[in-house]
Each structure stands twice: as structure tokens, then as C-alpha cells.
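Chemist: Sharing a structure here in C-alpha cells format.
The values are calculated or read from the model by the stated rules, or taken from the named source; none is laboratory data. In this text, all values refer to a predicted model and were calculated from it rather than measured experimentally. Don't worry about glycine lacking a Cβ; one is built from the backbone with ideal geometry, like all the others, and counts go over all protein chains shown. The accessibility values were calculated without ligands, DNA or RNA, using every heavy atom of the protein model including side chains. Shrake-Rupley method; radii C 1.70, N 1.55, O 1.52, S 1.80 Å.
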Amino acid sequence: MDNHKMIPDSARKSNICMALFGVCLLLLGVMFIHASIQRRTGNAGTEHMAGLVKNLELTDLCLFTEARYTRNLSQADLHSAFQDHPSSLEHFPAGSVTGPPAGIRRINVKLD
Amino acid sequence: MSNLIEKQRSILDFTLSSLMRRKAKNISLFLVYSLVVFVLGSAMFFTQAMKREASLILKEAPEMVIQRLLCGRYEPVPLDYLERIKNIRGVISADYRLWGYYYDPAAGSNYTLMVPRNNPPARGKIVIGNGIARNRMLYREDILSFRGYNGINHNFEVDDILSSESELVSADLMLISEEDFRDFFGLSPAAATDIVATVRNQKELITIANKISELLPDTRPVIRDEMIRTYDSVFDWRGGILIVLISMAMLSFVIFAWEKASGLSAEERREIGILKAIGWETSDVIAVKTYEGAIISFFSFCTGLLLAYGHVFFTSAFLFAPALKGWSVIYPDFRITPYIDPYQVVVLFLLTVVPYTAATVVPSWRSAIIDPDSVMRL
Amino acid sequence: MIRLLDVRKGFNLAKPNEYIAVSGVTLTIEANRVTVFKGPSGSGKTTLLSLIGCMTRPTSGRIELMDNLPLINGILRDNGETNRLEVTSLPERFLTEIRRRLFGFIFQQFNLIKGITVLENIMLPSYPLGRKHGFVTERAHALIDTFGLGARASAKVEWLSGGEAQRVAIARALMNDPPVIIADEPTAHLDSKLSVEFMEIISGLKNQGKTIIIASHDPLVFEAGMIDRIINVRDGMLYGSGT
Ligand SMILES: Nc1ncnc2c1ncn2[C@@H]1O[C@H](COP(=O)(O)OP(=O)(O)OP(=O)(O)O)[C@@H](O)[C@H]1O
Ligand SMILES: [Mg+2]
């Protein structure tokens, strides 16, 4: 009974597991806090862009520069081929991530 | 009470020992699971943050853009439309915009040429977006040569480069003077690309839009809300191929997990029998299985989600860039402001942790109620 | 004392393959004795042991426990009994409780859980009791020492030799300090030297005051000196009993 390598309570598997669980919760907490701090302070870039949008009277984000109807999505043609149906896959891959503008979708509900 | 806690801790001890003996299986499960959460989480963070970013940026977009349609496509608008729009009651101002696309064969990419209303560049000078500058390695005072509508080359000197922080809206922009624009595209002085209008009362925006399309039946007004909403649907992560792919991944994962978790081997059934024979209750056995499922799924969920957060907000979702980029040559380099929708995190949690835990627990139920005496005959 | 009154156990009742494994057994097993069920294969020994050990319920008949009842106080209170407990009518959860406090089982195949250590295997029966971790590990280590397994405490059970595995199985049966030990063919997988060792351990347990019930057809077992009673089983019935 004397010379046993008694398992210290801290090395008990369940305790390690609970500790890891705590660490995970903590990290998730840190993630949320980081997000909210960044959201409050890190707006300089966004404001700068909003300023540019106002100044240049831009209407769209410059995400998909591959074709004109993907560059300015909100200004797209009303009747361009394959673009007037909600499930259109007119232009892969941009068209696979994007849908046609809401207005066009509304006009074409009867096609569904 | 302390008894109960001690009991659960002991059961947890056993669960962990039990998990550790199938290290390879459980680690691969954990990795695949984390990967699924990572992809789903990245898509979720990315789309949520982009939606928010788009709405913050585009809240400064023109209140209303009026296009002219000809043969079902938009065409330059005659400038005399301006006066007719201004005369509508409630319209404060109407101005024309000049912009268009130019395909640059040297770079193989599309540029958006635009004439700014305030401080346009001098003749022969241009201001370019950082995407163009990066793509063609341009600096101030470099000269660019573009082929105009009539085949004549025009030389432009780079006067300035738009800041890199604004790439998300300006990467492919090329600001140019009005005279150069008209010369280059051959646009008649009596026409413009489209018209932007402001109204006195936001509430009347739609009424006025309707009035405009009555007055000028070949026009199509696009109001700001529609622009913002466009980006809501663009980043609607429930739509699109990405989601189809993800659901396929998810589905195969569920099948994989089900098979791994539910295929209670003869050995596992034997163990359950032994535990029951030495005095474990059915509920204790089920607790083991529940912990097993919960441990793997919870830790995978956390790992996947944290990695997704890092991926989207620290590396600007570099893994998604190829998918979003397609074959466009100019892709903006941008930082996304973190934004987490707790509701979606909860949904993701429920979609990942609950099914897996259930897939682990449910099949063990049958085994957990076997008669303990079966162990005597193993 | 454990009493069986006209106990019958049938399998697949009312089906073509109906089989009566134990038919009309009446028997009293004395406390602090070593009782051996002896009989050919298929005679119903294992079935009898699982009936006595509350692993399964008889088709008809009664089984009464008369000793060590304070250990299962809670169940007694619920049933209004004080000096004996009829177990066949108890719900499953009480049977589990009885099993874990009154009986220690040593199975024919040892039935240790592979992949986890000797120490943890021995501790397993104590987990549902929610005892203090320190107390439990201490007791497990004491058992490990008693059975000379000290050096192997953190070894995985599949690395053990047959004799070591047997001793781990015994230690596990003793973990909750039950008054009754039930062993089914404990020497089936042991050579004669280890079988003799096993019977010595049993003798030691008897001296500690345990009640021991063994099923075996190994002469080394029922010819051992500490056996108090041998009960012959054939076709699910008992044939005489000697000492
Ligand atoms: N679950 C069951 N279903 C059907 N028959 C069973 C079942 N369990 C036991 N039996 C039958 O009951 C009879 C008695 O079985 P038991 O295991 O008690 O015999 P045993 O005396 O322990 O035999 P052995 O010495 O081979 O271990 C056997 O013929 C067996 O086939
Ligand atoms: Mg048997």
C-alpha cells in the first residue's frame, strides 16, 4: 500500500477532459469577444470603403470581375440569357455562389 | 449528490480509456468531423460577415439608379431624360453616370472604367484600383495603352492608385476623365451610362421609381435596397453549389459516422454485457456511449469552429478565394471584419453535435438492454 | 443463506425449440461455505449460477436471499421485508443493485475488458456506486498487491498470462467486497498448477467469510479439500449432495 504510484487526482482522465472542455469554452468565449471588439473598433476600412462608394456612386462590390453581369450584380440585365431564373447557373463558378438579384427573381416568380 | 458526481466522473474515466484504445479510429473521426465543421463554419462566418460588410458599405450607394433598356439590355440613356426625371415631384437631383467595361487583353482581365463626378483625373491621366496595379505591376507615372472603340490606341498615365484597403469595392476600377471616356468608347455627348437620382423623402422612393418607369417606359430604376438585397442573396449560404457540395460532404460524413458509431462490433456488445454483469445499469452503459459521442463531437465542433474563425477572419478565407474568384484575374485582397451570428453558431452546433451523439447512442440502446446472463455464455 | 424453491428455467418457451434448462430445483446454499455444482456439459450449471446471481429470472419458482441484507437496505425498505428478500419479482434495477453489492462474478472466459489497464478493470464494478476515487484506487491497489499483480497494474489486460488474467478477474469480483463469489468453470483455461493456486485463493476467501459457489467439471476443483458441498446436476435437476 505504501509504494504505489498513486494516480494524482489532477492526472485523472476525467479531470483532463473537463479541463480541456473548459479551455474550449474559454476559447469560444474569446472568439465571441474578439469578434465583438473587432466589430466595434475595426470599422475604419469599412468606413473608408463606404466613403468611396458615396463619392464614386458605386453600386456593387468588386468580387467577381470575370464578366460584366457578375461585376455589377445589382445592375444586371433584366433579360440576359440564363440570368432570369432563380436556379440559373449562368456563369460558373460565380453563378453558383450568387443568385440573380432579388428584383429579377420577383419578376420571374411565375417561371418557378 | 457528491456520489452522483463521483459516479459520472468514474464513468467518464472509463469512457476516455475506452476511446483511447481505438486511437486511430477516433482521431480520424475527430479530424474528419473537425473538417466538416470547419468547412461549414467557414462558409457560415464568411457569408454572414460579407453580408454585413456589404450592407455597411452599400448603405452609401446611390439611392436610385435609372437604366435604360433597349432590346432587353441596358443601353446608354439620352441626357434629355435628366430634365424629365428632375421635374418629377420629390426628386431633388438627377445626374448622369459614365462607366463601362474594358477587357484588357494584356492582362486578360476586365476593368471597370468610370468617370468620377468629383475631382476627375485630368485628360490623359487615370487613377487605378489596387487590383489592376497589382496585376499589371503598375506604379505612378507608368503609361498604359488601351485600344479604343475605333481601333486607335490611347495612352494613359497612372496618376494615382486607390488604396489597398478599399479593394473590395475598387480593385478593378479605372477612373478617367469624361472627355477621355467618351473618346475611348465612342459615346455620344448626348448620352450617358445611366442616371442616379436622389429623392426628398425616402418613403417615397418606390412611388417615385414607379412614376419614373411610367413616365419613361424604357427605363428600369434600381433602388438602393435592391442593391443591398442582391448581396444578401449573393451571400446566402443556403443557396448555391457550395452548399450542395457541403451537404454532400455532410451526408457522406453522416453515413461514415453512422457506420463507425453504430456498427457495434461483437467485441463492443460483449463489453456491454460484461459491464451489465458486474453491476452496471443500462443507464450507465448508455451514459458511456453518450459521453463518447459528446466528447468527439464537442471537441471536433470547437476545433472546427475556431479554425474556421481563424480561416475567415485572419486569412481572409484564403481557401474559398479560388471558388469565388473563378477565372477572374483581378480578385480583391480584403480583410473581413469579424461578425458572428450566435443563432447560426447554435444551429451549427445542433446540426453537428446532436446527430453524431444520437448516432452513437441509439444503436447502443439495443445492446444496453441485453440480459446480463448472456455474458455467462460468451 | 440463499434458498431456491422449485425453480424452473426454460428458454424459447412456447416455441418449437423450447428447452427447459433447470427443472424444479429446490436447494439451500449455506453462507460461508464452498458449494460446487458438478455435472456434464449442458446439464444446466451455468443457468443455475445466473439464477442465483440475479442475472436472470426463473420461469417459475422463488429465490430468497437471507444474509447480508443490510447491504441492500434501500431495496428492503421498499419491499417492507427485513430478514429475507424474494428476488424473482424485483424490477431489473433492483436486481442490478443486488448483483453489484452482494455478488462477485468470475466468468469462465475471465471476461476482462480489453485495451484498458489491469487497475481499471479491477475498479470497474465500483463505478456505478459513486464511491470516492481515492478510496476506490486504494482498494484496487490493495487487491492488486494481494494477488501479486503489483508490477502489472498499468499493463493492458490482453498482455497478461492466463494465470494473471484469472487473478485480475478474481480481484475484480472482490472489488465491491461482496459476501458471495460465483465462479463458472474457473479452471477451464488454467493448467493444473494454476488451478491449484486458484483453489488456494478460494480457500483464503472462504476463511475471510465469503460464500463461494462454483460450477465445474474439473476434478481438481471438486476434489479440493476446502469444498463443503458438491451438488450433482444432470438435465437441469439435482442428484443428491455430498461433502
Ligand atoms: N439463451 C438460451 N437459449 C436457449 N437455450 C439455452 C440458453 N442458455 C442455455 N441454454 C441451454 O440450456 C442448457 C443448459 O445450459 P448451461 O449453460 O446451463 O449448461 P452447463 O451445465 O453450464 O454446460 P457447460 O458445462 O457446457 O458449461 C444447454 O443445453 C443450453 O443449450
Ligand atoms: Mg456452463
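Chemist: Take peptide C:136-148, look around each residue's Cβ out to 10 angstrom, count Cβ atoms belonging to other protein chains, and average those counts. Provide the component values of the computation, followed by the final result.
Modeler: On the way: counts 2, 5, 3, 0, 1, 6, 2, 0, 1, 4, 0, 0, 0.
Taking all residues of C:136-148 together, the mean is 2.
Chemist: Sticking with the crude label model, points 7 Å out along Cα→Cβ, report the distance from C:THR146 to B:LYS203 in nm, one decimal please.
Modeler: 8.8
Chemist: Taking segment B:1-115 as the region of interest, what is the percent of Cα-Cα pairs per 10 angstrom bin, listed from the shortest bin to the one with the maximum distance?
Modeler: The calculated distribution, bin by bin, is 9, 16, 19, 16, 11, 8, 10, 10, 1.
Chemist: Sort largest first and round to whole Å: the equivalent ellipsoid semi-axes of chain C, each the square root of five times a Cα gyration tensor eigenvalue.
Modeler: Values: eigenvalues 160, 102, 57 Å².
Equivalent ellipsoid of chain C: 28, 23, 17 Å, largest first.
Chemist: Using only Cα atoms, figure out Rg for segment C:52-125 and give it as a multiple of 2.2 N^0.38 Å. Working shown, then result.
Modeler: Numbers: Rg = 14.6 Å, N = 74, 2.2 N^0.38 = 11.3 Å.
Expressed relative to 2.2 N^0.38 Å, the Cα Rg reads 1.29.
Chemist: Moving on. Just how large is the dipole of segment B:35-136 about the Cα centre, in debye to the nearest 20, putting +1 at every Lys and Arg Cβ and -1 at every Asp and Glu Cβ?
Modeler: Working: 14 positive and 8 negative charges, 25 e Å.
Here the size comes out at about 120 debye.
Chemist: With a ≥ b ≥ c taken as the square roots of the eigenvalues of the C-alpha gyration tensor of segment C:92-188, please select rounded if a/c is under 1.5 and otherwise prolate if a/b is larger than b/c or oblate if it is not? Before the final figure, lay out the partial values.
Modeler: Working: a/c = 1.79, a/b = 1.20, b/c = 1.49.
Since a/c reaches 1.5 but b/c is at least a/b, the shape of segment C:92-188 is classed as oblate.
Chemist: How large is the Kirkwood hydrodynamic radius of the protein assembly as shown, in angstrom, based on all distinct alpha carbon pairs? Intermediate values should be presented prior to the final figure.
Modeler: Numbers: mean 1/r = 0.0313 Å⁻¹.
Roughly 32.0 Å, rounded to one decimal.
Chemist: A follow-up question, please. How large is the convex hull of the Cα atoms of segment B:101-182 per residue, expressed in Å³ as a whole number?
Modeler: Working: hull volume 7.3 nm³, N = 82.
So the per-residue hull volume is 89 Å³.
Chemist: Sticking with this structure for a sec: How far is helix B:224-234 tilted, in degrees, relative to the longest principal axis of the Cα atoms in chain B, given as a value from 0 to 90 rounded to the nearest 10?
Modeler: Helix B:224-234 and the main axis of chain B meet at about 40 degrees.
Chemist: Another question, then. For each pair in B:LYS86/B:LYS203; B:LYS25/C:LYS156; B:LYS276/C:LYS114; C:LYS38/C:LYS114; A:LYS13/B:LYS289, compute the distance between the two Cα atoms and list the pairs where it is over 23 Å. All intermediate terms of the calculation are to be shown ahead of the outcome.
Modeler: Values: B:LYS86/B:LYS203 18 Å; B:LYS25/C:LYS156 19 Å; B:LYS276/C:LYS114 16 Å; C:LYS38/C:LYS114 30 Å; A:LYS13/B:LYS289 16 Å.
Violating the 23 Å limit, Cα to Cα: C:LYS38/C:LYS114.
Chemist: Can you tell which of B:PRO363, B:ALA133, B:LEU144 lies farthest toward the positive end of the dipole of chain B, using +1 and -1 charges on the Cβ of basic and acidic side chains (Lys, Arg; Asp, Glu)?
Modeler: Among B:PRO363, B:ALA133, B:LEU144, the one farthest towards the positive end of the dipole of chain B is B:PRO363.
Chemist: Oh, and also: So for chain C, taking the charge dipole from beta-carbon charges (+1 Lys/Arg, -1 Asp/Glu), which of C:GLY204, C:TYR19, C:GLY74 sits furthest toward the positive end?
Modeler: About the Cα centre, the residue reaching furthest to the positive side is C:GLY74.
Chemist: Here's something else I'd like to know. Two-decimal Rg/Rh of segment A:9-56 from alpha-carbon positions, Kirkwood Rh? Present the calculation step by step, with values, prior to reporting the outcome.
Modeler: Working: Rg = 20.2 Å, Rh = 13.8 Å.
Using only Cα positions, Rg/Rh for segment A:9-56 is 1.47.
Chemist: How much of the DSSP bridge set in the protein assembly as shown is antiparallel, in percent, rounded to the nearest 5? Let's see the in-between values first.
Modeler: Working: 53 of 77 bridges.
Here the share of antiparallel DSSP bridges comes out near 70 percent.
Chemist: Nearest 5 is fine: what % of DSSP beta bridges in chain C come out antiparallel, could you say? Write down the numbers at each step before the final one.
Modeler: Numbers: 20 of 37 bridges.
Rounded to the nearest five, the antiparallel share is 55 percent.
Chemist: For the protein assembly as shown, what is the calculated [θ] at 222 nm in deg cm²/dmol (nearest 500), taking -39500 (n - 2.57) for each run of four or more DSSP H residues and dividing by its residue count?
Modeler: Working: 26 runs with 338 residues, N = 733.
The helix contribution divided over the protein assembly as shown gives -14500 deg cm²/dmol.
Chemist: Do any residues of segment B:151-168 lose at least 50 Å² of accessible area when the full set of protein chains is present rather than just their chain alone, and if so which, with a 1.4 Å probe?
Modeler: So the qualifying set is B:LEU168.
Chemist: First compute the accessible area of the protein assembly as shown with a 1.4 Å probe, then give the percent of it belonging to carbon and sulfur atoms. Mind dumping the intermediate values first?
Modeler: Working: 18240 of 31730 Å².
For the protein assembly as shown, the apolar C and S fraction of the accessible surface comes to 57 percent.
Chemist: What's the buried accessible area, both sides, between B and A using a 1.4 Å probe, rounded to 100 Å²?
Modeler: On the way: alone 21060 and 9530 Å², together 23820 Å².
Approximately 6800 Å² gets buried when B meets A.
Chemist: Rounding to the nearest 20 debye, state how big the charge dipole of the protein assembly as shown is about its Cα centre with +1 on each Lys and Arg Cβ and -1 on each Asp and Glu Cβ.
Modeler: Working: 78 positive and 76 negative charges, 338 e Å.
It comes to approximately 1620 debye.
Chemist: Okay, moving on. Hey, could you pull the Cα Rg and Dmax for chain B, both in Å?
Modeler: 30.8, 98
Chemist: If you take the accessible area of C alone, add that of B alone, and subtract the area of the pair, what total do you get in Å², probe 1.4 Å, to the nearest 100?
Modeler: Numbers: alone 11370 and 21060 Å², together 29580 Å².
So the buried area, both faces added, is about 2800 Å².
Chemist: Leaving out ligands and nucleic acids, and using a 1.4 Å probe, what accessible area per residue does the protein assembly as shown come to in Å²?
Modeler: Numbers: 31730 Å² over 733 residues.
That works out to 43 Å² per residue.
Chemist: Please list 3J(HN,Hα) in residue order for segment B:55-68, calculated via the Karplus relation 6.51 cos²θ - 1.76 cosθ + 1.60 where θ = phi - 60°; whole Hz, with x for glycine and proline.
Modeler: Couplings: 5, 5, 6, 7, 5, 9, 5, x, 4, 8, 10, 10, 9, 10 Hz.
Chemist: Which residue, C:THR47, B:THR219, C:SER126, has the largest displacement toward the positive end of the dipole of the protein assembly as shown when charges sit on each Cβ (Lys, Arg +1; Asp, Glu -1)?
Modeler: So the residue we want is C:THR47.
Chemist: Rounded to the nearest 20 debye, what is the charge dipole size of segment B:101-182 about its Cα centre when +1 sits on each Lys and Arg Cβ and -1 on each Asp and Glu Cβ?
Modeler: Details: 8 positive and 12 negative charges, 36 e Å.
About 180 debye.
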